[in-house]
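Trainee: Got a structure here, written out as structure tokens. Questions coming.
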2 protein chains.
Amino acid sequence: MNNGRFSIAIHILTLLARAGDEWLSSEYLAGSVNINPVLVRKEISNLRRNGLIISKEGKNGGSRLAKPAEKILLSDVYQAVRQASLLGQNKNNPNPDCPVGRQINTHLDQLYLEAENAMVTKLNQTTLADFSKKFA
Amino acid sequence: MNNGRFSIAIHILTLLARAGDEWLSSEYLAGSVNINPVLVRKEISNLRRNGLIISKEGKNGGSRLAKPAEKILLSDVYQAVRQASLLGQNKNNPNPDCPVGRQINTHLDQLYLEAENAMVTKLNQTTLADFSKKFA
DNA sequence: TGTACTGTAATAAAAAACATTACAGAATGA
DNA sequence: TCATTCTGTAATGTTTTTTATTACAGTACA
């Protein structure tokens, strides 16, 4: 599930959801996630590319949600993180002389897609607003 | 989804499913998967622990399915691989002084569990026999 | 025009995955 | 019985991936 990146993205977005129209700095976000600010900026860059947040440069700058938390699905977050990281998966090179080895990647890809779809359908049922309501 | 291990496990099991009551050596299996035999033996060791295959030591030894492929669900394979690798996940240490950081792991764990369940439910619908029928 | 930010590249360090070597022990069968 | 062919596993090395750090140009504000 690409746990690491997804966790960071959700964490960032939850903080932004709770901050409303405030601009939060990458330094501040990094402080809560407890990772390096540059990593946060990279993930922000990705989330921005995917239309989930907007950023303001310069003094008093930072990031905020691009749209209401009610309109952001956790599956949107998943897709954003997945896109950037899942391209060019299949690292394994099974033996092409074996009837199983020759075909297995095709069948595995299909299986993974189906399994992933089931997961995404689930993530599709929760908005960022729902998720961030869980915090006191 | 712990892609690598799962792929290897499915590959091995598919080969065993097609081999019927023959004992296949780790060397042979490794040849089709195209990885080191020791890795295969490690995965076999895990699958055996989970009751999916049995092995025979010594000359003419090897491995075979512990039960008919019809009775092995892909979710069984997933669970076997997951167990061995997912223990002690949560590597991130969010800031405990932040209301979000303090609670996020709990909520993320729950979310992952739900998402994973959706996936497992899907994997639950395919047997190893179904999967291996796909090969010519 | 100094200060506080973002954006991004380049590099380094740490962690995880994977490969290799080595060897003890088990079963077989000549 | 003993050479052979396997498994099982530990120890170690290599490669890949992830994460962290440093550095600095550019932007906006006051």
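Trainee: Give me the helices (runs of 4 or more DSSP H) completely within region A:1-52, filtered to those with at least 2 residues that are more than 9 Å from DNA strand D (Cβ to nearest atom) and small (Gly, Ala, Ser), ordered by residue number.
Mentor: Values: elements: A:3-19, A:26-33, A:37-49.
Because the criterion is at least 2 residues that are more than 9 Å from DNA strand D (Cβ to nearest atom) and small (Gly, Ala, Ser), the helices (runs of 4 or more DSSP H) in region A:1-52 that meet it are A:3-19, A:26-33.
Trainee: Return yes or no: is A:Ala66 in contact with a Leu (Cβ under 7 Å, 6 or more places away or on another chain) and within 10 Å of chain B (Cβ to nearest Cβ)?
Mentor: Details: in contact with a Leu (Cβ under 7 Å, 6 or more places away or on another chain): yes; within 10 Å of chain B (Cβ to nearest Cβ): no.
Answer is no for this residue.
Residue-by-condition table, conditions (1) modelled with pLDDT of 90 or more; (2) at the interface with chain A (Cβ under 10 Å from one of its Cβ atoms); (3) farther than 18 Å from B:Lys71 by Cα; (4) buried (at least 18 other Cβ atoms within 10 Å of the Cβ):
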| position | (1), (2), (3), (4) |
| --- | --- |
| B:Asn2 | no, yes, yes, no |
| B:Asp21 | yes, no, no, no |
| B:Glu27 | yes, no, yes, no |
| B:Asn36 | yes, no, yes, no |
| B:Lys42 | yes, no, yes, no |
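Trainee: Where residues in region B:90-125 are within 12 Å of A:Ser32 (Cβ to Cβ), at the interface with another protein chain (Cβ under 8 Å from one of its Cβ atoms) and in a helix (DSSP H, G or I), which of them is nearest to the chain's Cα centre (by Cα)? Can you show your working first?
Mentor: Our first condition is that a residue be within 12 Å of A:Ser32 (Cβ to Cβ); within region B:90-125, this holds for B:92-104.
So of that shortlist, the ones also at the interface with another protein chain (Cβ under 8 Å from one of its Cβ atoms) come out as B:92-95, B:98-101, B:103-104.
After this cut, where a residue has to be in a helix (DSSP H, G or I) as well, the list is B:99-101, B:103-104.
Numbers: B:Pro99: 37, B:Val100: 34, B:Gly101: 32, B:Gln103: 31, B:Ile104: 28 Å.
Once the filter is applied, the top-ranked residue is B:Ile104.
The values are calculated or read from the model by the stated rules, or taken from the named source; none is laboratory data. All values derive from a computational prediction rather than experimental measurement. All Cβ positions, even for glycine, are placed from backbone atoms using ideal geometry, and neighbour counts span all protein chains on display.
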